[in-house]
Amino acid sequence: MNDTKPYEPPIIQVDDFSFFYGDKQVLHNISMDFEENKVTALIGPSGCGKSTLLRNINRMNDLVPGVHHQGDIRIDGTSLYDPKVEVISLRKRVGMVFQKYNPFPKSIYENIVFPLRVAGRNSRSELDETVERSLKGAALWDEVKDKLHQSAYGLSGGQQQRLCIARAIANRPQILLMDEPCAALDPIATLKIEDLMEDLKKDLTIVIVTHNMQQATRISDKTAFLYLGNLIEYGDTAQIFTNPKEEQTEAYITGRFS
Amino acid sequence: MDKDLSLPPAPKRPIGEAKIWLTSIGLALGLIMIFGLLGIIVYNGLEAFWPKTAYAFTVQNEPEGEKTTIYGNITKDQTRHVLNAEGKQESIHEYQIFTGNKEKFGQAFRFIDVHRIVNQEELPRLMTLERLEGGKAIVDPIGIKLQNGSVLKATDSEFLSDFQRLTDEADHVRKSVHRIEKGDIGAINNKLDELQREVKIIERSYDIREVNGVSVATLKDNPIVDDIKNPIAELAKLKEQIGELHREYETYTAQVAKLREHEGKDILLYQLGNNDVQEMPLDQIVYGFMPNELGFFGKLGVFWHHFTGFILDDPREANTEGGIFPAIFGTFIMTVLMSMLVTPIGVIGAIYLREYAKQGPLVQSVRICVNNLAGVPSIVFGVFGLGFFVYYLGGSIDQLFYWKKLAVDNTPTFGTSGILWASLTLALMTLPVVIVSTEEALSAVPRGLREAALACGASKWQMIQRIILPCALPGVMTGLILAMARGAGEVAPLMVTGVVKLAPSLPIDGEGPFVHLERKFMHLGFHIYDVGFQSPDSDAAQPMVFATTLLLILLVVVMNLAAILIRNKLRKRYQASSF
């Protein structure tokens, strides 16, 4: 990978981006760059727009009726809203993991190969190889390798969430979006997923929304603090948490927020 | 838990909860009505198959008059109120007695005042006979006159087993004859019809004349077809085929004649209480038993014989005797066909309404219209089915594909009522149920699953097809179960779109393309109406009505249970959409 390069080109560029649900503006002129093979955490109080921003990176918000946007988001220099960009192929490059683990009511195997199947790739050897690679990548292989063809609903919550991560990385995306992936999990499962993210970022760029400040400090390289739809501060995680420049940031991370 | 001892004592009746008993009474009333109805149907339906005790009644109508003896079962025990000579009301205890032998007595039932019965006896050798014609008969057998002239006496211990052997043999012959007549000869008749139609087509299209000793064919003015290259040779070929079929036909009729050689030679001698010896050919008897001689298990055997015969046999005597197999089969096939038609249409419609259509006033009004369709009286659907499906669609199909038959025989194929149109009409009628429940099932699929599928790069259709629809399947099945429950018992729309009181052949059989969707069919619901209210002897048909009702309920229950089992299986697999 490009770890040795002195200059990291931003893989995701958010450029003066505003977003509206109907008349209600939820993101105000946000501009920020996400760096490749880094974990970027989005933090902020509920309703600050961090999830909305995350869900715009793979255009998940298009599903909501009555939304529109201003400004632009680019991945590798190409605008997401370029008429030539197909939403489906975009989502193949940008995987996503949700707050509530949501495996399909299928076998573990079929869950992981779903992104390949919908892309029309059905070769047995490729599917088998993908299942093993993805499950190993999500640190789940040893636990489920003997029951690949059993229902995914037989797994524990933490395992189901890691299965969802395995599914998200099955198609080898460049970017992985995680929307509070540990919110529904116990501390041990949370730790496992945090360890996993450490491994994953060797191949991926991760953007994570989290409410857990400790988690942000543990796992992220960079942190952005959003408040009421505005990007208040964005910088290295260490700097944000030890020496915030903005008063609002400091108030939030120290818990003195009103 | 009560630490506070100063709490006031609990009121005898919880305050504000005084009317709970009203709701429970409502439920109890509902349950009593449902189970009462089911109980009456099950009791009467099963009782129809149970052998009843036969009595010999000695009746004296005038105080010093002549005594007469009649044989029969007691079917009703009731009290009649009359005004006596002083103008006072008097109650008279009477029996309704089933005697059978309709052709001898003019009626199968009679009423007897109990006080006029001098003697009532369970004669052990009384027989109940089920006959091919004339319904049942209760007789006192004397013996069997065999074709070799010898007589088997009814007092012999072997009599009953000989009787059963002989009736079984006659039954076997009857079945063989039936098989040949309906199967082999029926097939030949169908082929003959087809060939004769071809002949008629050529004859109506071409003039064939002898000119100088040579046959010449010229096209007529209004030919049905005009593209036959050599009509003369074609005609000769057809006639030869017809001749061949006729010869085949002869061999079968010879076979039938041979089977029938011994028919009507063994004769049962019996009397009906007045010592006049009567004769009845044994092959007129389908089944006979001595009810008074039977123990419990003997009666159970007769019950089982009646029950299986009822389910598996064809009806006889204007449906009042015999079985109801064609009606069970027709109901089953029609319901299956209806489900096969309504499910895809309903599911596709619901997918469009829920997933693709832009939600707004237009879609909302479409939805309201669909829901209101469920409230349209079923006969309206029947009339629509007759007008649109039968006459318009069926007529167009006939014009396009069966025009030869239409032109020559002037008989429609699909342009007349039949099982396909009846099923389609019922499918239309039950469509709202399926659409509504499918829509509900679709909207109950968790949002997380939709987002997950889309985030994996699935298109909207892939998401619906691979994730949402499987999860919604249990809900679709719920709709289908409701649709089947409504459709299977519906009669009114069928009466105009395809049901008949007696169908000559089943919609699926071993002949030709095996599935004959254009055929008319029999239906249990219509059978109940026909037997109960259209038959000449409604008293005799009453047990049949209850038994048929029981069978209809059983069929609906069995089909619904099958659907429910499938649904539970699906639910287990797709437990995410617990709904």
query: Of all the helices (runs of 4 or more DSSP H) wholly in segment B:442-536, which have at least 2 residues that are on the phi < 0 side of the Ramachandran plot and of a type in the set (Ser, Thr, Tyr)?
result: none
task: Identify all residues within segment B:473-511 that are over 17 Å from the mean Cα position of the chain (by Cα) and farther than 30 Å from B:ARG179 by Cα; write none if there are none.
output: B:LEU473, B:PRO474, B:GLY475, B:VAL476, B:MET477, B:THR478, B:GLY479, B:LEU480, B:ILE481, B:LEU482, B:ALA483
field: Boolean, A:TYR81 is more than 14 Å from chain B (Cβ to nearest Cβ), in a loop (DSSP other than H, G, I, E, B) and closer than 18 Å to B:LEU454 by Cβ
entry: yes
statement: Among A:LYS92, A:LYS50, A:LYS106, the single one that is under 17 Å from B:GLY457 (Cβ atoms), basic (Lys, Arg) and out of contact with any Phe, Trp or Tyr (no Cβ under 8 Å at 6 or more places or on another chain) is A:LYS92
- request: Kindly provide the set of residues from segment B:57-85 that are modelled with pLDDT of 85 or more and of a type in the set (Asp, Glu), ordered by number.
  value: B:ASP77
query: When residues of segment A:181-224 are filtered for being β-branched (Val, Ile, Thr) and either within 14 Å of chain B (Cβ to nearest Cβ) or without any contact (Cβ under 8 Å) to a residue 12 or more places away in the chain (or both), how many remain?
result: 1
- request: Answer yes if at least one residue in segment B:127-135 is crowded, with 19+ Cβ neighbours inside 10 Å, modelled with pLDDT under 85, in contact with a helix residue (DSSP H, G or I) (Cβ under 8 Å, 6 or more places away or on another chain) and not in a helix (DSSP H, G or I), and no otherwise.
  value: yes
message: Please go through segment A:226-258 and give me each residue that is surrounded by 14 or more Cβ atoms within 10 Å (Cβ to Cβ), aliphatic (A, V, I, L, M) and assigned to a helix (DSSP H, G or I), ordered by number.
response: A:ILE240, A:ALA251, A:ILE253
message: Quick check on segment B:103-110. Is at least one of its residues of a type outside the set (Gly, Ala, Ser), assigned to a strand (DSSP E or B) and either at pLDDT below 90 or touching a helix residue (DSSP H, G or I) at 6+ places or on another chain (Cβ under 6 Å) (or both)?
response: yes
message: Quick check on my filter: what residues within segment A:201-218 are assigned to a helix (DSSP H, G or I) and surrounded by fewer than 23 Cβ atoms within 10 Å (Cβ to Cβ)?
response: A:MET213, A:GLN214, A:GLN215, A:THR217, A:ARG218
query: Taking B:PRO141 and the conditions (1) over 30 Å from B:ALA254 (Cβ atoms); (2) assigned to a helix (DSSP H, G or I); (3) at pLDDT 85 or above, which numbered condition does it fall short on, given that it satisfies the others?
result: (2)
message: Tell me whether segment B:359-370 contains one or more residues that are in contact (Cβ under 8 Å) with a residue 12 or more places away in the chain, touching a Pro at 6+ places or on another chain (Cβ under 7 Å) and part of a helix (DSSP H, G or I).
response: yes
field: Single unsatisfied condition, A:VAL113 versus (1) surrounded by fewer than 21 Cβ atoms within 10 Å (Cβ to Cβ); (2) over 19 Å from the mean Cα position of the chain (by Cα)
entry: (1)
field: Matching residues, segment B:438-472, being more than 7 Å from chain A (Cβ to nearest Cβ), polar (S, T, N, Q) and either over 39 Å from the mean Cα position of the chain (by Cα) or surrounded by fewer than 24 Cβ atoms within 10 Å (Cβ to Cβ) (or both)
entry: B:SER443, B:GLN465
task: Being over 17 Å from the mean Cα position of the chain (by Cα) and in a loop (DSSP other than H, G, I, E, B) is the filter; apply it to segment A:49-75 and report the residue that is nearest to the other protein chains (Cβ to nearest Cβ).
output: A:PRO65
field: Test: residue in segment B:404-420 that is over 20 Å from B:GLY387 (Cβ atoms), at the interface with chain A (Cβ under 9 Å from one of its Cβ atoms), of a type in the set (S, T, N, Q) and without any contact (Cβ under 8 Å) to a residue 60 or more places away in the chain
entry: no
field: Lone qualifier among A:GLY157, A:GLY229 - being touching a Cys at 6+ places or on another chain (Cβ under 7 Å) and of a type in the set (Gly, Ala, Ser)
entry: A:GLY229
message: What's the total number of residues in segment B:282-309 that are within 22 Å of the chain's Cα centre (by Cα) and not in a helix (DSSP H, G or I)?
response: 1
- prompt: Do the conditions hold for B:ASP530, that is, is it more than 18 Å from A:ASN102 (Cβ to Cβ) and either out of contact with any helix residue (DSSP H, G or I) (no Cβ under 8 Å at 6 or more places or on another chain) or within 14 Å of chain A (Cβ to nearest Cβ) (or both)?
  reply: yes
query: Restricted to segment A:48-68, and to residues that are surrounded by fewer than 18 Cβ atoms within 10 Å (Cβ to Cβ) and in contact (Cβ under 8 Å) with a residue 40 or more places away in the chain, which residue is farthest from A:GLN25 (Cα to Cα)?
result: A:VAL64
Residue among B:VAL366, B:VAL302, B:VAL342 that alone is crowded, with 20+ Cβ neighbours inside 10 Å and among the aliphatic types (A, V, I, L, M): B:VAL342
- line: Among helices (runs of 4 or more DSSP H) completely within segment A:102-180, the ones holding 3 or more residues that are closer than 26 Å to B:ALA472 by Cβ and within 13 Å of chain B (Cβ to nearest Cβ) are A:108-118, A:157-168
query: Just checking, which of B:GLY330, B:GLY385 is over 26 Å from B:TRP461 (Cβ atoms), in contact with a strand residue (DSSP E or B) (Cβ under 6 Å, 6 or more places away or on another chain) and part of a helix (DSSP H, G or I)?
result: B:GLY330
query: Does A:GLY95 satisfy the condition of being at positive phi and within 11 Å of chain B (Cβ to nearest Cβ)?
result: no
- prompt: Which of the following residues is at pLDDT 85 or above, in a helix (DSSP H, G or I), surrounded by fewer than 16 Cβ atoms within 10 Å (Cβ to Cβ) and touching a helix residue (DSSP H, G or I) at 6+ places or on another chain (Cβ under 6 Å): B:SER161, B:SER176?
  reply: B:SER176
query: Within segment B:549-567, restricting attention to residues that are in contact (Cβ under 8 Å) with a residue 12 or more places away in the chain and farther than 15 Å from B:LEU38 by Cβ, which residue is nearest to the chain's Cα centre (by Cα)?
result: B:MET559
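The values are calculated or read from the model by the stated rules, or taken from the named source; none is laboratory data. What you are looking at is a predicted structure, and each value in this text was computed from that prediction instead of being measured. Every residue, glycine as well, gets a Cβ built from its backbone with ideal geometry; the counts of neighbours run over all protein chains shown.
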